[in-house]
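The values are calculated or read from the model by the stated rules, or taken from the named source; none is laboratory data. Being a predicted model, the structure only gives us computed values, none of them experimental. Virtual Cβ from ideal backbone geometry, glycine too; neighbours counted across all protein chains shown. Heavy atoms of the whole protein, side chains included, go into the accessibility calculation; ligands, DNA and RNA do not. Shrake-Rupley method; radii C 1.70, N 1.55, O 1.52, S 1.80 Å.
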Amino acid sequence: MTAANEAKAILQRLGVSSAVWSSDGFEARSPIDGSVAGRVGETPDLDAVADRATAAFHQWKRLPAPRRGELVRLLGEELRASKDDLARLVTLEAGKIVSEGLGEVQEMIDICDFAVGLSRQIYGLTIASERPGHHMRETWQPLGPVLVISAFNFPVAVWAWNACLALVCGDPVIWKPSEKTPLTALATHAILERAIARFGDAPEGLSQLVIGGREAGEALAADPRIPLVSATGSTRMGRAVARTVAARLGRSLLELGGNNAMVVTPSADLDMAVRAIAFSAVGTAGQRCTTLRRLLVHEGVADSLVARLAAAYETLPVGDPRVDGVLVGPLIDEAAFHGFDTALKQAVEQGGQVVVGGDREDRDGVYVRPAIVRMPAQSAVVQHETFAPILYVLTWSDFDQAVAMQNAVPQGLSSCVFTDSVREAEAFLSAWGSDCGIANVNIGPSGAEIGGAFGGEKDTGGGRESGSDAWKAYMRRQTQTVNFSRDLPLAQGVKFDV
């Protein structure tokens, strides 16, 4: 069965088959074989979308947070019931292998569970007042409609990270998915609508799906009725969003590029390192923001480690991600292959040696052999994030030099060190160690848990999503003071008698 026909069957089971054909709009094409699963029309009236979200906010924020959490609990139930179908659709539309598709939907379920608990733990503070007979406190209030702009590589999980937190915090959600993955967005929204129907008293416009391209995202980002824009994608896109939102003094939550490194020391367990490198560098065909792109190896173990990696890469199963045993599926489209091919040519021009991989497979879809390239230095191509399975290998002789190399790129998302030295591990995690938002020891950079805040620094944008206290981005902080005395003392001892 073609990927397109399988996708249509799944959409029909999920109740969205009538929504995937239009005379114009965006063509939904599976990267597995290039077949067309549908054409999805653009959302026509963005002004009406913002109006509905604003009206929904005035109702939704009045519900107690635990009641809002009940909707997210019901969403979790619906996702559990539809997990296999939605995960399969992720595989068909984004090209992920089956286990990664299932893992992405499980991540949605996990953030639902987290957000339900959060709905009873939106805590403020009590603050000691300097004035007698006064009580000060800090509370967190709903912020308003949240725009979520998501990328193709995590077509449903990134929405869930944002939407589940926003909903329990009292905010309606507007979702503009990647135009490359509209079908998974339609399916997810249908699943949410079933949860809303069971919930009973959710306002119209609480969650809206906007199908459109760059222009739709720009228009919504510029709308002052949307106080928070959470955008995931390239650094170029993030800069444009940040400028637009800042011009109206709104908030941006940005999850942008990554150029993630692993430092391998002489004491490292190389068996563990090889497995971690292989998954982190080639999982999702290198199309993760947390993909391992730079391998910084001590010069004493570099040759043996690269030889082991080359042998592993030679046997990597590349092919249809629906087939058992396949570990590397397709790139999303021809543009992704162009980036892959161009980067490899630039690497060679800049002194690199391709150790293994780099070839395109002769079949429908865009399939490549993941590449390992030894580089003499962190040249321009190494400092650029190419969204494809290319691993650059560089060597070092001193641990401080390795940390400096790790930090010497514009991006700052994820990082890791493989070592059995407590000193090296703690130095890597110290204030003078990794400058990334995520730093791991004896774990690869790819595959974060939802319990921690996810995001990075520098060109990665500085945003945080998912766990910990990331929920605060979706709320407004309010300091409150209550005078329960019969006097009116002024702050700082000011005297002003009339």
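When we measure straight from the Cα of K61, which aspartates and glutamates land under 15 angstrom away, once same-chain ones fewer than 8 places off are left out?
Output for K61: E70, D171, D201, E204.
So who's got an amide H within less than 5 Å of the one on L391, skipping anything under 5 residues away but keeping other chains? H placed 1.01 Å off N, in plane.
Hits under the 5 Å cutoff: A371, I372, V373.
Amide H to amide H, which residues 5 or more places from V146 or on other chains are under 5 Å from it, using H placed in the peptide plane?
Excluding prolines and chain starts, which carry no amide H, the hits are V173, I174.
So, by mean Cβ neighbours within 10 angstrom, what's the order for 344-355, 71-82, 105-116 with the highest one leading?
Final packing ranking: 105-116, 71-82, 344-355.
Can you tell me the orientation of helix 270-282 relative to the chain, as the angle in degrees between its alpha-carbon axis and the longest Cα principal axis, to the nearest 10?
70
How would you order 419-425, 152-158 from highest to lowest mean count of nearby Cβ atoms within 10 Å?
Taking the mean over residues of other Cβ atoms within 10 Å, the ranking is 152-158, 419-425.
Going Cα to Cα from K180, which lysines come in below 23 Å? Please leave out same-chain ones fewer than 8 positions away.
Here the lysines satisfying the reach criterion relative to K180 are K8, K83, K96.
Rounded to the nearest 500, what is the 222 nm mean residue ellipticity of the chain from helices alone, with -39500 (n - 2.57) per DSSP H run of 4+ residues and division by all residues?
-12000 deg cm²/dmol
Going from most exposed to least, what order do R293, R369, R275 have by accessible area with a 1.4 Å probe?
Sorted descending by solvent-accessible area, the residues read R275, R369, R293.
Quick check on packing: order 376-387, 218-229, 56-67 by the mean number of other C-beta atoms within 10 Å, highest mean leading.
Sorting 376-387, 218-229, 56-67 by mean packing, highest first, produces 218-229, 376-387, 56-67.
What dipole magnitude, in Debye to the nearest 20, does the chain give about its Cα centre under +1 on Lys/Arg Cβ and -1 on Asp/Glu Cβ?
With Lys and Arg at +1 and Asp and Glu at -1, about 1440 debye.
Which of the three applies to region 191-283, rounded, prolate or oblate, going by the alpha-carbon gyration tensor with a ≥ b ≥ c and a/c under 1.5 meaning rounded?
It comes out oblate by the Cα gyration axes.
For the chain, what is the relative contact order in percent, using Cα pairs closer than 8 Å and at least 6 residues apart in sequence?
17
Just to be sure I understand the curve: with the Debye formula and one point per C-alpha of region 274-412, what is log10 I(q)/I(0) at q = 0.18, 0.22 Å⁻¹?
For region 274-412 at q = 0.18, 0.22 Å⁻¹, log10 I(q)/I(0) is -1.01, -1.48.
Kindly provide the Kirkwood hydrodynamic radius of the chain in Å, to one decimal, from all pairs of distinct alpha carbon atoms.
Roughly 24.0 Å, rounded to one decimal.
Using only the alpha-carbon atoms of region 250-314 as identical scatterers, what base-10 log of I(q)/I(0) does the Debye formula give at q = 0.18, 0.19, 0.27 Å⁻¹?
With one equal scatterer per Cα and no solvent, log10 I(q)/I(0) is -0.68, -0.74, -1.24.
Can you list the lysines whose alpha carbon sits under 26 Å from that of K458, skipping same-chain ones fewer than 8 residues off?
K176, K472
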